[in-house]
Amino acid sequence: MKLPNRGALIAGVVLTVATAAGIAVGSTGMRHFDPALTGYAIGALMAAFAVGWRFAVWAQRPPSRMYFRRGIELFFRRACGPQHAEKRTAPAMAVPHGAGTLGYALARNFVAQDFIRRRGGYRWIMHLCLSGGCTLAFAITFPLVFGWIHFESFADNAEMYRVAAFGVNVDSFSVHSFKAFMMFNLLNISAILVLAGLAMAGWRRFTDPGERATQSFAEDIVPLLLILAVTATGLALTVSYKFLAGHGHGIWAVVHMVSVVALLLYIPFGKLFHMFQRTCSLCVSRYKKVGAAGPRAHCRRCGGDFASQMHVDDLKTVLDELGFNYRFAGAQGEVHYQDICPACRRGLLALNQGRSIGR
Ligand code: HEM
């Protein structure tokens, strides 16, 4: 029998225990935990386990492990000259500032979402609506579900509300103020943002010939349907209490909870897991910046500069770990396929094919 992945199980358990401890401590010993939201809390705990487990499995794979290892090493490395290089495990090079820092990579990847802006303005706006709306909704609902934040009216004035965070009073406002309007409608605003993103994503999936040829129902349509279910049932709650005197609120509350839990459990196993995988892109951008400033690899065939030496060396290590041997005998000793630039690899392919048919 195959043993379960121990590291991944530990990661899942640690994240679940940390979330449970966060709920217990943040809700001041469950005093501010709303029992009506228990279903959401259980869903969040199960999702925490699944995210921890899935992330560890992915981070253990040789390519992602290499990027994380190097990324962490390079982010924590102090900028210093090559004279100290022999003390470090990473290759010698001066470390660039500014564009190579963690803050810059976070701003570019997570706030500006540059990776998708480069693929087109339409996709950029679509993604900003979806990720911005979902992040806003998650940032509001998780602290409420976990009992970290709660609202209560004043004992002597039902028109005044008090906001407590982690058991400490942090704010108060009148129910007639603009602040109250925003507080009570932020989820509706996030739902409208998400709906705009969903409409743009749906339109693209129906009309873009490239997407239609390559998309699959499970990978590309299911996540949109799940987000739509959460958003539509959330808005149904608002419609119920604002326009239908609360009619049907009970049933929509249950359906919203079920759709939220389904979405949370889908996240680690489908396309939406990319929001956690993007952490690796922080390492990749640092890796590229440091690599660009360091020693370069020159093609063994044409002599051209085609990549950083660190990248080529790391690729060789990863290929060895994956069990691929790309070494072959050259005229001047052993050559690794990674020592040949991409243009020459394509050229060699054509030359070898020609040779095999006698040309
Ligand atoms: C795409 C993300 C989401 C959107 C767009 C969304 C939208 C909404 C909306 C519009 C409402 C009604 C707001 C109101 O009552 O004024 C709502 C209610 C609620 N949402 Fe969501 N939601 C999302 C995700 C979540 C998540 C992740 C959780 C839990 C962790 C959650 C928990 C709740 C709860 C507890 C309520 C109140 C339910 C009730 O009144 O019984 N939502 N949501």
| task | Would you mind listing the helices (runs of 4 or more DSSP H) fully within region 102-175 where at least 1 residues are assigned by TED's automatic domain parsing to the domain that holds Asp208, in contact with a Leu (Cβ under 9 Å, 6 or more places away or on another chain) and more than 29 Å from Glu211 (Cα to Cα)? | result | 102-106, 121-145
| message | List pairs: first residue in region 126-149 and without any contact (Cβ under 8 Å) to a residue 60 or more places away in the chain, second residue part of a helix (DSSP H, G or I) and more than 9 Å from the ligand (Cβ to nearest atom) anywhere in the structure, Cβ distance under 7 angstrom, at least six positions apart or on different chains. | response | Ile149/Pro143
| query | For Phe269, all conditions in the list (1) under 19 Å from Arg69 (Cβ atoms); (2) in the same structural domain as Phe68 (by TED's automatic domain parsing); (3) hydrophobic (A, V, I, L, M, F, W, C) hold save one; what is the number of the exception? | reply | (1)
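Residues checked against (1) closer than 26 Å to Val290 by Cβ; (2) of a type in the set (A, V, I, L, M, F, W, C); (3) surrounded by 10 or more Cβ atoms within 10 Å (Cβ to Cβ):
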| residue | (1), (2), (3) |
| --- | --- |
| Met310 | yes, yes, yes |
| Asp313 | yes, no, yes |
| Gly323 | no, no, no |
| Tyr326 | yes, no, yes |
| Ala331 | no, yes, no |
| Ile340 | yes, yes, yes |
| Leu349 | no, yes, yes |
| Gln353 | no, no, yes |
| When you look at Gly29, is it at pLDDT 95 or above, in a loop (DSSP other than H, G, I, E, B) and out of contact with any His (no Cβ under 9 Å at 6 or more places or on another chain), yes or no? | yes
| Subset of region 243-254 that is assigned to a helix (DSSP H, G or I) and more than 10 Å from the ligand (Cβ to nearest atom) - its residue that is surrounded by the fewest Cβ atoms within 10 Å (Cβ to Cβ) | Phe243
| message | Give all pairs with beta carbons closer than 7 Å in which a residue from region 212-233 that is of a type in the set (Asp, Glu) meets a residue that is at pLDDT 95 or above; count only pairs at least 6 apart in sequence or on separate chains. | response | Asp220/Arg205
| task | Residue by residue through region 199-216, note down the ones that are assigned to a helix (DSSP H, G or I) and either near the ligand (Cβ under 9 Å from one of its atoms) or within 14 Å of Arg123 (Cβ to Cβ) (or both). | result | Ala199, Met200, Ala201, Gly202, Trp203, Arg204, Arg205, Thr207, Gly210, Glu211
| request: Would you mind finding the one in Arg345, Arg359, Arg301 that is touching a helix residue (DSSP H, G or I) at 6+ places or on another chain (Cβ under 9 Å), part of a helix (DSSP H, G or I) and not hydroxyl-bearing (Ser, Thr, Tyr)? | output: Arg345
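So that you can scan it fast, the table gives a plain yes or no per residue for (1) within 9 Å of the ligand (Cβ to nearest atom); (2) outside the structural domain of Leu102 (by TED's automatic domain parsing); (3) part of a helix (DSSP H, G or I):
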site: Leu224; (1), (2), (3): no, no, yes
site: Thr238; (1), (2), (3): yes, no, yes
site: Tyr241; (1), (2), (3): yes, no, yes
site: Val258; (1), (2), (3): no, no, yes
site: Tyr287; (1), (2), (3): no, yes, yes
site: Gly291; (1), (2), (3): no, yes, yes
| note | In region 144-187, anything of a type outside the set (A, V, I, L, M) and in contact with a Gly (Cβ under 8 Å, 6 or more places away or on another chain) is listed as Phe146, Gly147, Trp148, Phe166
| query | Is it the case that Ala139 is of a type in the set (A, V, I, L, M, F, W, C) and modelled with pLDDT under 95? | reply | no
| request: Go through (1) at pLDDT 95 or above; (2) away from the ligand (no atom under 16 Å from the Cβ) and name the single condition Ala155 misses. | output: (1)
| With respect to the numbered conditions (1) in contact (Cβ under 8 Å) with a residue 12 or more places away in the chain; (2) over 16 Å from Ala137 (Cα atoms), which one is the sole condition not fulfilled by Asp208? | (1)
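The values are calculated or read from the model by the stated rules, or taken from the named source; none is laboratory data. From a predicted model like this one, the values you see are computed outputs, not experimental measurements. Methodologically, a virtual Cβ is constructed for each residue, glycine included, from the backbone with ideal geometry; neighbour enumeration extends over all protein chains shown.
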